[in-house]
Every structure is written in structure tokens, then in C-alpha cells.
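See below for the structure under consideration.
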Amino acid sequence: MPKVQLKENVDYYLENGLYVFTEAYHLKRGYCCGSRCRHCPYPKEIQAQTVQLRLEGRPIQSREAFVVRFGPLLVEP
């Protein structure tokens, strides 16, 4: 995802000094990273697989890699 200015309360909010990314941010990013994000919009089965890949040291790091592995799951924002 190209670097863009994130908007507070749209892309993220602060909770106890930590950034929490929103579902809107995840949809813009376009893939599940396997970090067990609170607002991940992807199906639980996909989340489980991306978590496993991350634990194996092979995290998905781009929308393109995600689509190659899982196909287009959600509608483009």
C-alpha cells in the first residue's frame, strides 16, 4: 500500500496509547497480515492461515501475494 496520511478515527484510533487499526483501514490495505488484528474483516479461516504463515516466518506482505494465495476475497474499496 502506498504511503498515505492516515486519519484518526477513520483509519485508526488510540487506546491506552496504542494504535488500533479500523476495519476501513484493513479494507484499504487489502490483505490480512496474520497479526490477529482486532478489526480484521477477513474470514476466520483465512486469518488462521495467515497467522500460521506469520508463525512460520513467511508472512503475507502485500495485496498481490494475498490474492495469489487466497484469491480476491473482498470487494476493492
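Structural remarks
- For the stretch 13-45, residues that are in a helix (DSSP H, G or I) and in contact with a helix residue (DSSP H, G or I) (Cβ under 6 Å, 6 or more places away or on another chain) total 0.
Residue-by-condition table, conditions (1) among the hydroxyl-bearing types (Ser, Thr, Tyr); (2) in contact with a Lys or Arg (Cβ under 6 Å, 6 or more places away or on another chain):
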position	(1), (2)
Glu8	no, no
Asp11	no, no
Gly17	no, no
Tyr25	yes, no
Gly34	no, yes
Arg58	no, no
Leu74	no, no
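- Residue in the stretch 47-62 that is out of contact with any Gly (no Cβ under 9 Å at 6 or more places or on another chain), of a type in the set (Lys, Arg), in a helix (DSSP H, G or I) and surrounded by 12 or more Cβ atoms within 10 Å (Cβ to Cβ) present: no
- Only one of the numbered conditions (1) outside any loop (DSSP other than H, G, I, E, B); (2) out of contact with any Asp or Glu (no Cβ under 6 Å at 6 or more places or on another chain); (3) of a type outside the set (Lys, Arg) is violated by Pro72, and that is (1).
- Residue check for Val75: exposed (fewer than 10 other Cβ atoms within 10 Å of the Cβ), of a type in the set (A, V, I, L, M, F, W, C) and at pLDDT below 95: yes
The values are calculated or read from the model by the stated rules, or taken from the named source; none is laboratory data. Everything numeric here is computed off the predicted structure, so don't read it as measured data. Ideal geometry is used to build each Cβ from the backbone, glycine not excepted, and the neighbour counts take in all protein chains shown.
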